[in-house]
C-alpha cells in the first residue's frame, strides 16, 4: 500500500492534482498495486470524480455538524468522495483527545483512519486508539529525500515490534524521505505494510516513473 | 450585499450545498440583488461549477505552496472557483499577524478578503490592514436569531463611525442573529453595506423565501 | 495520594495559594496522608517556600532553554520548587507528540509527570508514554460536584483494567466532581491510587475540613 | 525606556533571573535611566521581591478567574509583583480578539500593556486597541544581533508615522537585534521612545556593561 500525500504543493493543486491522481491510477491498473492519494480539501471532489483509486483527506476536524466555520466536517469530505483521512500529520498535529474522537467518528462514518506519529512510542500510543492504519514518520527526515527505511531502520523495527504488542491488526506504514523503489522494499522488509510518501512523488521529475517503481518494489 | 455562510451545517453540506447555492442564484436572477455563498472547502468546486454568484471560502491559511499537509492554500480554493474568502470568523479565529498575511496574499492572488471581528475596536484594527470587506459580529448573538441590528444597534453605528476614521473604502457588513428582511433593512440603515448570515438562512424552513426577503429588503 | 489543582481560582491565587497549601500541609502532618498541590505558575515559588508537601506545576511546555517568550520551561518551575507537573489537563490540552516530549523531559530533569486524559482509551494511550502518573477525568463532570467515582464508576474500572495491560507501574488517579471523603473511598475501591481534585477543595466552605475528610478516607 | 525580555534563556532563569534584574537595577540607580525586566512566570515573584525596577510578565491569558488550569491569570502575575505584561510577542502570538481582551483587562487591573507586532501595519492595528505601549519587531531579525534600527530603519519610521495617525499617546518601542548603545541611539532618533531587547543583553558576555551602554545611549 502506497499513499501519496499531495500536501499543498502547487505541482499537486487543482487541475494538477487530478492529473497526478490519474497517473497513480494508471500505475494501479498496470501493476495491480494499489496507490492511494491525499489531495487538498478543495480538490477531493474533482480527484474522486476522476479516478477509482482510494482518495484520502489530509485532515478532518473533531466536530459534529453545526456552527464550525472553516472547519472540516467528516461528512463533507466523505460526500466529496474521500474513503479515508490522514489524522495528526506532523504538519497538522492534533490534541490527543481530538485524535481519539476523530478515529471514532471515522469508524462510525465508514472512513479509513490513518494516524501519523513521529516516533515508535507515539505510534504505539495512537495504535491503542484502534485506527485502521498508523504511519511513523520522523519529522527531521520529512522532505529530505533521506529515506527513513535506510537512515533510521530501527525506528521502523521498534515501531512494528511495539505496536504489535498492543494492536495486532492495525496496518503499519512508514514515511519520510521515501524516494526510490528500494526505499519501499526496505520499508516492507522491516515489517511495514506500506509507505506514506509526498515530495518523493509530487516533486519527482516524472512522478509516474517513481510511482511505478514503488509499485514494482511492493510486489516482490 | 448578502453573504450566506454555510458553516458545517448538514443542511448545507455536499449536494445540499449546491441546492442552497442555486436558490441564492435564483434570488439574484429575480431581484438583481447579489447574494454570495460560503460553502465548506470540499464543496467549493461543486458549488462554483453550479452557480454564477460569488463563492467564498470559509477560511484559508497563511501559507505558501509547500509542505503544509491539511492546510488551506489560497491557490487551491481559487482554482476550485472561490472569488473570495472569509478570514478570522469567530469560529475560526487567527493570530493577528496571520490575518495580515492572508489579507495581503488574497490581494496578490485577486481574491476578495472579508475579515470578521467581534466588536467595534477589533473591527477598526482589521480595517487598518486594508481588506476589501469587514464584518462585525458580536459572538454572543451568533446563531441566536436575535439580530445584532436590533439588539445592539450601537455596535454597528460605533463600528461604522470608527472604521471610517481609518478606512474610507472598506465595505462594512454586520452579522449575528440576522433572520428577517427587516433585520437587513435595519443593518443598512445603521450604515452597513450588507450582512453576513448563516443559520438565519441555512436553518430556515424555506431558505429561498428568507433569501428573497433579504434581497427585497436590500433594495429599498 | 490526593493532588489539589488550584486552577486559576481567585480563592487559590497569590497569598491565598500559600494559605491553602499550608492547610494541605497541616492535614498531612495530622494524618500522614500526603496531599500535593498544583498552584499557578507565578505562585509556585512562594508556595514551595512555605510548605514541605509536593508542589506541582499545572503545565509546562515542550521547549528547551532559548527564545520562547511566554512559555514555561521545566527548569524554571523546578528551580522555583516544583517536584512535578500536570500535563495535558483537559483545560490545557496538548498535541500528542508534545505530551511525549514533556514526559521524557520531566524524567530527565527529575520531575514527576502526571498526564491527564479524558477517557479510558486515551488514558491507555498516555500510559504507553510511561509517565509516573496518569489521571482520568471525564470533562463533562469536571467542576460539577458529581463525582466520577459514583456517576461513572465504569470509566475508572475500564481505565484501571486497560492501563494495567500496557503499564504495570504507573500510578492511576481519577478526578472530576470529587467532593467528599466517600468519593475518594469509592475511587480507591475501584482500583485507583488517588484523586485529582480542584473545585471540590478550593471552592469548599472550609477546604481544611474537606482535605482532612479526603485524607481520612484515603487511610482505610 | 529599555525593557529586557528574559525569554526562557537559562542565563536568565531562577536565581540567575534575580541576578540579572539586580544588574538592571544597578544601571538604573547609576544613570537614572529606567530599565524594565520581563522574567519567566515562575520567576516574577522572586525578581519583584529583589528589585525596584518595573517587572513585566512575558504573557498573560485572556481569562477570568476560574477553571483554566495551566493558564496565566492577570491577578496572579500582579500579586506576584508584575506592573505590566508583554502581549502577543512573536514567540507567543495571540488571536486578535484575545489581544483586545487582554489589553482591556490589563487596563482594568492597572497593569501596563505592551503589545508586540511584526510590521508597521500590524503595529497600527494593535495601536487601535489603545494599549499603553507597542513594540515593532521584525521576526526575521530577532536573536540575530542585526539591529532593526540599522538594518530596517524604514520599518521603524513607517511604524511611528502610521501609528501616530491613529494613536497620539501610545509609547512606541522597537526591537530585534538591538545589541549596542548605538542601536538604541538610532532607534530613538527614528522616533521611538525605547527598545525591547533580549539576547543582546541576556546572552552578552557582561550584561551589566551592555545595559549601562543602553542607558547612556538613552540619555543623549
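Read-outs: derived from the displayed coordinates by stated rules, not from any lab. The structure displayed is predicted, hence computed values, not measured ones. So basically every Cβ, Gly included, is an ideal-geometry build from the backbone, and we count neighbours across all protein chains shown.
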Note to self: C-alpha centroids of segment D:202-218 and segment A:130-171 sit apart, in Å, by 50
Row for segment B:172-220, column shape: gyration tensor on C-alpha, a ≥ b ≥ c, rounded if a/c < 1.5 i.e. under 1.5, prolate if a/b over b/c, else oblate; value oblate
Sorting from shortest, the nanometre distances separating the label point of residue A:168 (7 Å past Cα along the line to Cβ) from those of the same residue in the other copies are 2.1, 7.7, 8.0
What helix-only [θ] at 222 nm does chain C give? Using -39500 (n - 2.57) per DSSP H run of at least 4, over all residues, to the nearest 500, the answer is -13000 deg cm²/dmol
Note: the protein assembly as shown, point scatterers on Cα, Debye, no solvent; log10 I/I(0) at q = 0.06, 0.09, 0.11 Å⁻¹ equals -0.44, -1.03, -1.42
Inverse of <1/r> over all distinct C-alpha pairs of segment B:39-81, i.e. the Kirkwood Rh in Å, gives 10.9
Inter-chain shielding metric for C:126-133, i.e. average beta-carbon neighbours from other chains within 10 angstrom, reads 3
Taking a crude spin-label model, label points 7 Å out from Cα along the C-beta direction, the residue A:31 to residue A:206 distance in nm is 1.4
Fewest-first ordering of B:170, A:60 by Cβ atoms within 10 Å yields B:170, A:60
Using alpha carbon centers only, segment D:63-90 is separated from segment C:63-98 by a whole-angstrom value of 16
Output field shielding_mean for A:105-118 (other chain Cβ, 10 Å radius) holds 1
Taking a ≥ b ≥ c as the square roots of the eigenvalues of the Cα gyration tensor, with a/c under 1.5 meaning rounded and otherwise prolate when a/b exceeds b/c and oblate if not, segment A:87-140 is prolate
Listing C:173, B:188, A:96, B:34 by rising number of other beta-carbon atoms within 10 angstrom, fewest first, gives B:34, B:188, C:173, A:96
Kirkwood-based Rg/Rh on the Cα set of segment B:6-47 evaluates to 0.99
One decimal, nm, nearest first: from residue C:104 to the same residue in each other copy, label points 7 Å out along Cα→Cβ, the values are 2.9, 3.5, 4.3
Quick note on A:100, A:218, ordering by fewest other C-beta atoms within 10 Å, gives A:218, A:100
Answer check: segment B:1-82, Cα atoms, Kirkwood Rh, Rg/Rh ratio of 1.01
FRET efficiency (residue D:164, residue A:182; Cβ distance; R0 56 Å; to 0.05) is 0.30
For residue D:151, inter-copy label-point distances (7 Å, Cα→Cβ), nm, shortest first, read 2.8, 4.9, 5.4
Per 10 angstrom bin, beginning at 0 and ending with the bin that holds the maximum distance, the Cα pairs of segment C:2-219 fall in percents of 9, 37, 38, 15, 1
Here, residue C:150 and residue C:10, labelled 7 Å along Cα→Cβ, have an inter-label distance in nm of 3.0
Rounded to a whole number, the mean other protein chain Cβ count within 10 angstrom for residues of B:8-17 is 5
